[in-house]
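Comments concern the structure below.
Values in this text are rule-based calculations from the coordinates and carry no lab data. Just so you know, these numbers come straight off a predicted model, no measurement behind them. No Cβ is skipped: glycine too gets one built from the backbone with ideal geometry, and neighbour counts run over all protein chains shown.
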Amino acid sequence: MIRMLQTAKDLYALEGYAFKQAPGHEGGRNQIWICCLNGEKRFVLRVSVLSDRVEEDYLAETEFVHDLARNGAPVADVIPSVRGKLVERVEEEEKTIFISLFAYAKGMLMVDNGYRYREGAPLEEYFYNTGKALGAIHRLSRQYRPVHRRPAFFDQYNMASIGRLIPDGYAELKQAIARRLETYRTLPTDEAAYGLIHFDFCDGNYHVDMNTGEITVFDFDNCIYCWYMFDLAHVWTHGVGWYRHLADPKKRMEGMRHYFDTVLEGYRSETEVPDELLKQLPLFIDMTIIENVVDEFACSAREGELPDDEDIEDLAECLIHDIPYAGFFEA
């Protein structure tokens, strides 16, 4: 790893920078290093060591991010190497490693501020800015014409691959997923509805500037061709923490309606969402559940294990028994 870091310093002219490895998280695919100069965080170095992706995957991701940044989207840009490459391929100890460098997103994670928003500003500003940032990304995605291409939803989410990943002991869960996938195949895939999306848009993947409220998005590692509504449904599922503490399901519903309406107001300041798909929000929330379940099995499979039942049982119940909104409004 020391040799790899020296290689990265040479590739990106980072001599004199201090490197601090960011703590990993469960299911994480990459090693992340924060590059600091004179105590200031300047860049994020991503080192991808897993063998489940090829160079074209990383090129497609970084080209998309670079195009978004160049056109004014609030994203952390990709920094080309001294050779002008967005992705550097390095052979080390009989392994192929892919390296990319990103600008350090201004601000901080909400969790690192105890989920307190900036002083003196209403929480609605944060909700609005979240939607606005996502809307800007989707608006530019509709205009984007790729050189290299990322996978599409059904390339990864089909019963052939899911059937191999999830054991037959989970038959009811597999049947519930299969039913949803058949429904998804009937959804429109025109330019207004479907395109290259983040696929993991949540407060763990953007920083908030606590002086201005501006949001800067990063970690497009999972970007995929999918319905734009998936990202919006993901915002919904990651907003439940603001109202989970309310005992009354009706109060939780009122809170989530206010939250999501404000997110949509910000989103629509940048782009539109088809009404016919917006009305199917519960269906897309189910899609986020399927993504979560598949990810749990995939991460566990890399360790030669099955996921803990407690990690998937509630999600599986929602799919098997058709419980809408991930069960959030159940008494």
Computed over the chain: longest principal axis from alpha-carbon atoms vs helix 281-302 long axis, angle to nearest 10 degrees, is 50 degrees
Measuring from its Cα centre, region 2-103 shows a charge dipole (+1 at each Lys and Arg Cβ, -1 at each Asp and Glu Cβ) which, in debye to the nearest 20, is 400 debye
Put in order of increasing Cβ neighbours within 10 Å, starting from the fewest, His258, His321 give His321, His258
Ranked from fewest to most other Cβ atoms within 10 Å of their own Cβ, Phe329, Phe127, Phe201 fall in the order Phe329, Phe127, Phe201
Other residues with Cβ under 11 Å from the Cβ of Arg139 give, with Lys and Arg +1 and Asp and Glu -1, a net charge of +1
Rounded to the nearest 10, the angle in degrees between the Cα long axis of helix 171-184 and the longest principal axis of the Cα atoms of the chain comes to 80 degrees
The size of the Cβ-based charge dipole (Lys, Arg +1; Asp, Glu -1) of the chain about the Cα centre, to the nearest 20 debye, is 1020 debye
Percent of all alpha-carbon pairs of the chain at distances over 38 Å, whole number, is 15 percent
Note on region 2-103: alpha-carbon gyration tensor, axes a ≥ b ≥ c; rule is a/c under 1.5 for rounded, else prolate if a/b larger than b/c, else oblate; result rounded
Among Lys20/Lys132; Lys41/Lys132; Lys250/Lys279; Lys174/Lys250; Lys106/Lys279, the pairs whose Cα-Cα distance exceeds 29 Å are Lys20/Lys132; Lys174/Lys250; Lys106/Lys279
Other residues with Cβ under 9 Å from the Cβ of Ile323 give, with Lys and Arg +1 and Asp and Glu -1, a net charge of -3
Here the net charge surrounding Leu50, from other residues whose Cβ is less than 9 Å away from its Cβ (Lys, Arg +1; Asp, Glu -1), is +2
Expressed in angstrom and rounded, the centroid-to-centroid distance over alpha carbons for region 118-155 and region 17-87 is 18 Å
Quick calc, region 190-331, dipole around Cα centre from Cβ unit charges on Lys, Arg (+) and Asp, Glu (-), nearest 20 debye, gives 600 debye
In degrees rounded to 10, the 0-90 angle between helix 309-320 Cα long axis and the longest Cα principal axis of the chain is 50 degrees
